[in-house]
Amino acid sequence: MKSILKFFAAGKDQPRLTDTALIDEQFRYYRRNVITVAILCYGLGYVCRLALNVVKKPLMDAGIFTPEEVGLIGSMLLYGYALGKFSNGLLSDYANVKRFFAAGLFLSAMMNFGMSFSSVVWISALLWVLNGWFQGFGAPSCAVALTSWFSNNERGRYYGLWSTAHAIGEGLTYLGIALLIALPPKGLGLHWQYGFWIPATICVLAAVIVYIYLPDRPGTLGLPSVAEWRNDGGAKAKAAVHDAASILKDQLRVVSIPAIWIIALASSSMYITRYAVNSWGNVYLQEIRGFDLFDANFFIFLNTAAGILGCVAYGYLSDKLFDARRPPANLLFGLMELLPLFIIFYGPANSTVLAIALVVYGFGLSGILASLGGLFALDIAPKKVAGAAMGFIGIFSYFGAGLQDYISGKLIYDSEIRVVFDLGATSQTVFFYDYSVPIVFWIGASVVSMILAGSLWRVRASV
Amino acid sequence: MFRRPAKNVASRCTVICTTLILLGACGKDDGINYCKNHDKVHADHADTIANLIINVSAAGDLEGSLSIPEAALGDSTAEEVESILSSAGNSFTLQTEHPCTVAVTTIATSAGGVNASYTASCGADNKLGKINASLFDSFDQLDEVVTSMTTAVTSKRFAISRQCDSPIFKLDRIN
């Protein structure tokens, strides 16, 4: 155990280099590596997180898992991720992030390999909860790497760049993996197991890249802190205040703020819709709307791609148009999220209309999530315990998302009609589902979220 | 001593990723076969296989029709087939919370083959869980059945073939 901890522990600081030119050169080289590896490998890691979503329908069609079972397994990842986000956030502060992140990717890959061979619900659920936890190694590792190699006055830009990584991963999954599984001529028509094998291979590769190219903290390479190197005085001063504070006491204060609880519940409700569409949307589009696997996943990709713009637009509009007041922007983006849902689920059977609705939905959803899952909470929470507020809301959000996956699966399964053809010793089954009740659940969650967020109309940012 | 070759990470990754994905994708090649590439052969034999149409309404009513072309009857005579179809249970049974009223509405033989139609009244609150299609048990000579089923919210068209392990959904060739 000790040797494992030692392996993952952050390296010791090396004697400081004195050659300024060499320091500059090293910083430039490693900073380029950090941002490239963080974006590329965090994005690639997403493929191992979302693989199940793409192969859900083939798994259900093959009769390997019922919707309820698939929902249960899917929910496990979200519970594992919620726990992982919390525990790994703490661990990553003490870790050599390249080893920590690489291990997370590698172990996540192994869980995907395992999933491809499992047809037993509890084994798949166990693999997927562990996958969720290992997936939780990525974000804190990248956050620590970005914090170590980019100083305060530039971190926003690089953090923004890194935030686009999830779109790379979602795009790769919803297009790339779908391409492998979808039937020809659109796809290669590979067996659903490839939907786990290829992501696993990608994640092993990403782990290797991380291990080779992501550096430990600057001090372990004999370099000064990035704030020192960039002469970012603010960052140095802030670090000093941070060290002196009694963090735990302040962190506990977060749970005594009623508005934080309301935001957590609102975020949790919005995560229900978010993960319902991301997890079941493609299955719904195939089952009810009759799209093929590739097209259905392409539609889901559209909403995630539009989300990149939604995040950026929310921040800009709420700052510039509403003078940093989040509630009016929440209402605007909430409506952009809610109204297209009616078109997606009850609108005309027209691909263009559906695509536009999904783009607007994705745009609105990302905006409102940027607020409920981050900005709005950061406005209200005491600034020095912003991390705790985010963690608190994160746990609620992913718990809601996980619960959603199981409830949705159960509701879909309850509507199942099986048509079984007996063929002597064997039989073949085709499944029919009704999504009417789950859709009410998904849209209802968004309505609840908007009402909760709206109840904070008069709340202003704390100083 | 600190410097690693700065050849960029992205280009190396792209090469390795592409290679691995292609290797993975090439790992299994079943070639053209009857089940996997059924769309390529289905149009050629569509006229000679049985068709089953099932409509399930939101009110819990079910309408079904079965047509077996002459070419699919094998050695059986039309009379023998009619006799089997005259009992709905030889075509399908329903699994519901409460029993349904099932009736054979028509059975007719024409030059093209034998046609039968059925109705079942189950009631709106009587959940239909399973339709057991026993056509392949009733007709040994039947090799394939194309089924079109519509429920209140969706419809699916697929073929069940004795030669394949799973239902075939891709029946129409896309040019």
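The values are calculated or read from the model by the stated rules, or taken from the named source; none is laboratory data. Computed from a predicted structure; not experimentally measured. FYI the Cβ positions are ideal-geometry reconstructions off the backbone, even for glycines, and counts take in every protein chain you see. Areas reflect the complete protein model, heavy atoms only, side chains present, ligands, DNA and RNA absent. Shrake-Rupley method; radii C 1.70, N 1.55, O 1.52, S 1.80 Å.
Here are a few things to note about the model shown:
- A:A51 meets all of the listed conditions (1) within 24 Å of A:M390 (Cβ to Cβ); (2) buried (at least 20 other Cβ atoms within 10 Å of the Cβ); (3) of a type in the set (A, V, I, L, M) but one, namely (1).
- Look at (1) within 16 Å of A:A266 (Cα to Cα); (2) modelled with pLDDT of 90 or more; (3) open to solvent by 20 Å² or more (accessible area, probe 1.4 Å) and you find that A:G364 fails only one, number (3).
- Residue within the range B:94-110 that is touching a Leu at 6+ places or on another chain (Cβ under 6 Å) and of a type in the set (A, V, I, L, M, F, W, C) present: yes
- Count of residues meeting criterion [within 13 Å of chain B (Cβ to nearest Cβ) and part of a helix (DSSP H, G or I)] in the range A:52-78: 5
- When residues in the range A:152-193 are screened for being within 14 Å of chain B (Cβ to nearest Cβ) and free of Cβ contacts under 8 Å to residues at least 24 places away in the same chain, 7 of them pass.
- From B:D44, B:D29, B:D61, residue being surrounded by 11 or more Cβ atoms within 10 Å (Cβ to Cβ) and either over 23 Å from B:A116 (Cα atoms) or modelled with pLDDT of 90 or more (or both): B:D61
- Taking the listed residues B:G74, B:G129, the one that is more than 14 Å from chain A (Cβ to nearest Cβ), surrounded by fewer than 16 Cβ atoms within 10 Å (Cβ to Cβ) and of a type outside the set (A, V, I, L, M, F, W, C) is B:G74, with no other qualifying.
- If you go through the range A:136-154 and keep only what is surrounded by fewer than 23 Cβ atoms within 10 Å (Cβ to Cβ) and part of a helix (DSSP H, G or I), you end up with A:A143, A:V144, A:L146, A:T147, A:S148, A:N152, A:N153, A:E154.
- Any hit, the range A:411-420, residues being under 30 Å from B:N51 (Cβ atoms) and out of contact with any Phe, Trp or Tyr (no Cβ under 9 Å at 6 or more places or on another chain): yes
- Considering residues of the range A:289-303 that are open to solvent by 10 Å² or more (accessible area, probe 1.4 Å) and within 26 Å of A:G334 (Cα to Cα) only, the residue farthest from the other protein chains (Cβ to nearest Cβ): A:L302
- Selection count where residues are more than 14 Å from A:T273 (Cα to Cα) and either open to solvent by less than 50 Å² (accessible area, probe 1.4 Å) or within 14 Å of chain B (Cβ to nearest Cβ) (or both), scope the range A:450-463: 6
- Each residue in the range B:144-169 was checked for being farther than 21 Å from A:I417 by Cα and either under 8 Å from the mean Cα position of the chain (by Cα) or in contact (Cβ under 8 Å) with a residue 40 or more places away in the chain (or both), and 3 pass.
- Test: residue in the range A:432-440 that is in a helix (DSSP H, G or I), in contact (Cβ under 8 Å) with a residue 24 or more places away in the chain, open to solvent by 60 Å² or more (accessible area, probe 1.4 Å) and more than 9 Å from chain B (Cβ to nearest Cβ): yes
- Neighbours by Cβ (under 7 Å, 6+ apart or cross-chain): first from the range B:103-125, free of Cβ contacts under 8 Å to residues at least 12 places away in the same chain; second assigned to a strand (DSSP E or B): B:T106/B:A116; B:T106/B:S117; B:A108/B:N115
- Qualifying residue in the range A:221-228 (condition: acidic (D, E), assigned to a helix (DSSP H, G or I) and in contact (Cβ under 8 Å) with a residue 12 or more places away in the chain): no
- Scan of the range B:153-175 for residues that are touching a strand residue (DSSP E or B) at 6+ places or on another chain (Cβ under 8 Å), open to solvent by 20 Å² or more (accessible area, probe 1.4 Å) and at the interface with chain A (Cβ under 7 Å from one of its Cβ atoms), ordered by number: B:K156, B:R162, B:S166, B:P167
- Inspection of the range A:415-431 finds no residue satisfying the criterion of being closer than 29 Å to A:K85 by Cβ and touching a residue at least 12 places away in the same chain (Cβ under 8 Å).
- As a summary of the residue check, B:S134 satisfies the conditions (1) under 30 Å from A:E416 (Cβ atoms); (2) small (G, A, S); (3) surrounded by 14 or more Cβ atoms within 10 Å (Cβ to Cβ); (4) away from every other protein chain (no Cβ under 14 Å) except for the one numbered (4).
- Test result for A:V447, more than 14 Å from every other protein chain (Cβ to nearest Cβ) and hydrophobic (A, V, I, L, M, F, W, C): yes
- Any chance A:L369 is under 24 Å from A:S267 (Cβ atoms) and within 14 Å of chain B (Cβ to nearest Cβ): no
- A single member of A:G444, A:G400 is more than 30 Å from B:N51 (Cβ to Cβ) and open to solvent by less than 20 Å² (accessible area, probe 1.4 Å), and it is A:G400.
- Among the conditions (1) part of a helix (DSSP H, G or I); (2) open to solvent by less than 50 Å² (accessible area, probe 1.4 Å), the only one that A:L309 does not satisfy is (2).
- Residue in the range A:7-20 that is part of a helix (DSSP H, G or I), surrounded by fewer than 21 Cβ atoms within 10 Å (Cβ to Cβ) and without any contact (Cβ under 8 Å) to a residue 24 or more places away in the chain present: yes
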